[in-house]
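Presented below is the structure to which this report refers.
The values are calculated or read from the model by the stated rules, or taken from the named source; none is laboratory data. Predicted model only: the values in this text are computed from it and were never measured. Reconstructed Cβ throughout: ideal geometry from the backbone, glycine too, with neighbour counts over all protein chains shown.
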Amino acid sequence: MAIVERISSDKTWEQMLKLNSQDNLLLLCQRLMAEELWKESLMELSAFLEQYLGQHPEKLILLLSQCDIDLLFQIWNIGKKLDLSYTDQRNIVSLEKLGLIQYDHKEKRITINEDARANFYFYLKSRSSMKQIQHLQELEYAVKGILYQCGIIEFPHLCDILEEGGEEISSHFMHEFLVGRMEFWSFLGVLKNTKTEMCYLESYEVKNRNRIFEGWFEDQSRAFHRISMEDARLIGRMNGIGNWKGTKEMLSFCLTKIYKEVIPATVLVKTILIYIQNGDTMEELRNKLQLKIADFTEEEKLEFWKCIDEMYWHTPLFHLKGYSRWEDRKEKQHFSVIHGGKRD
């Protein structure tokens, strides 16, 4: 995407919604958790969605991320020419599915719906709405951070961690929030145990689900790591790169010794973190990474492996429910085994 032309549509908002397939409209209805209401209404789906969202504008804030809404205001406010060079395609699609805009890739043209703008512009611009938009963005970062820390987590435990961190939200609201936004999230999926009906959220960075559940089974008394909301949001913003010991040093090493550019250096550090979080041993790490430093001096190799060693011990592991090897070892040192015992 680059410079595009912006025009206004003569279509109604319902007609813009109809540009989506029936399947996409049904999915939107399900994201709103309004499918039963639609069936009871006996209305055409596009007409129902126009009416429902018009009566419940707060649902837009639940569905749209802050980036979506920022882009929407950019499209609404800027003149006839619009620079979309650095716009995420997912934000465009998110707005299209709500009938707010239509993007013609071939003609490089964005069409806006004036009905929707008239209905929602001042509502979304209000102080209370902007406060809620910001709060939900911070909540999204927190959810991401917890998933990057733990790998897989049961839904009730996610709600507990958020509540303990100061989030005044109900499990019902969290369910609404997740259902409303997950279609455009690239960091998690949902698992469901068909026997217990328990729902789990799973990070897409999990490589061996069975290994994680085996780790849980080995220590069933272990609770999920109670990460602070400040740390969770930071990890979420950094897309899974936490302030764990060795990580900052490894990034600095990659920038000065390997790539000298931020993006590839960050990708390498992230790759190493994923290896460690999925339970790779030190031997496996050496096998995977030794070619990266084959041409280094002995001093540089020592520096590299020192960073790896610190990351190995201090990065949270998925099968330890977000605890690091160092934390796991310290916890086990609190207990000692007493052999023998009194016999009757």
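The table below gives the values:
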read-out	value
Considering residues of region 1-51 that are charged (D, E, K, R), touching a residue at least 12 places away in the same chain (Cβ under 8 Å) and in a helix (DSSP H, G or I) only, the residue surrounded by the fewest Cβ atoms within 10 Å (Cβ to Cβ)	GLU14
Qualifying residue in region 97-104 (condition: crowded, with 17+ Cβ neighbours inside 10 Å, at positive phi and out of contact with any Cys (no Cβ under 9 Å at 6 or more places or on another chain))	yes
Test for THR281: is it under 28 Å from GLU154 (Cα atoms) and of a type in the set (Val, Ile, Thr)	yes
Residues being surrounded by 13 or more Cβ atoms within 10 Å (Cβ to Cβ) and part of a loop (DSSP other than H, G, I, E, B) - total across region 267-300	4
Which numbered condition GLN137 misses (of (1) crowded, with 19+ Cβ neighbours inside 10 Å; (2) under 11 Å from the mean Cα position of the chain (by Cα))	(1)
Candidate set: region 142-178, residues that are of a type in the set (Val, Ile, Thr) and modelled with pLDDT of 90 or more; chosen: the one surrounded by the most Cβ atoms within 10 Å (Cβ to Cβ)	ILE146
Counted residues, region 220-237 - those being under 15 Å from GLU327 (Cβ atoms) and surrounded by 15 or more Cβ atoms within 10 Å (Cβ to Cβ)	5
Selected residue (criterion: farthest from the chain's Cα centre (by Cα)) from residues of region 147-161 that are farther than 16 Å from HIS319 by Cβ and of a type outside the set (Asp, Glu)	PRO156
Complete set of residues in region 233-266 that are among the β-branched types (Val, Ile, Thr) and assigned to a helix (DSSP H, G or I)	ILE235, THR247, THR256, ILE258, VAL262, ILE263, THR266
Residues being under 25 Å from the mean Cα position of the chain (by Cα), in contact (Cβ under 8 Å) with a residue 12 or more places away in the chain and farther than 18 Å from GLU114 by Cα - total across region 53-86	11
Residue in region 179-201 that is surrounded by 15 or more Cβ atoms within 10 Å (Cβ to Cβ), among the basic types (Lys, Arg), touching a Gly at 6+ places or on another chain (Cβ under 6 Å) and assigned to a helix (DSSP H, G or I) present	no
Qualifying helices (runs of 4 or more DSSP H) (wholly inside region 88-170; at least 3 residues being of a type in the set (Lys, Arg))	127-150
Qualifying positions in region 218-245 - of a type in the set (A, V, I, L, M, F, W, C) and at pLDDT below 90	none
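To keep it simple, each residue is scored yes or no on (1) small (Gly, Ala, Ser); (2) assigned by TED's automatic domain parsing to the domain that holds THR196; (3) within 19 Å of LEU64 (Cα to Cα).
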{"site": "GLY99", "(1), (2), (3)": "yes, no, yes"}
{"site": "TYR103", "(1), (2), (3)": "no, no, yes"}
{"site": "ALA116", "(1), (2), (3)": "yes, no, yes"}
{"site": "TYR148", "(1), (2), (3)": "no, yes, no"}
{"site": "HIS157", "(1), (2), (3)": "no, yes, no"}
{"site": "HIS175", "(1), (2), (3)": "no, yes, yes"}
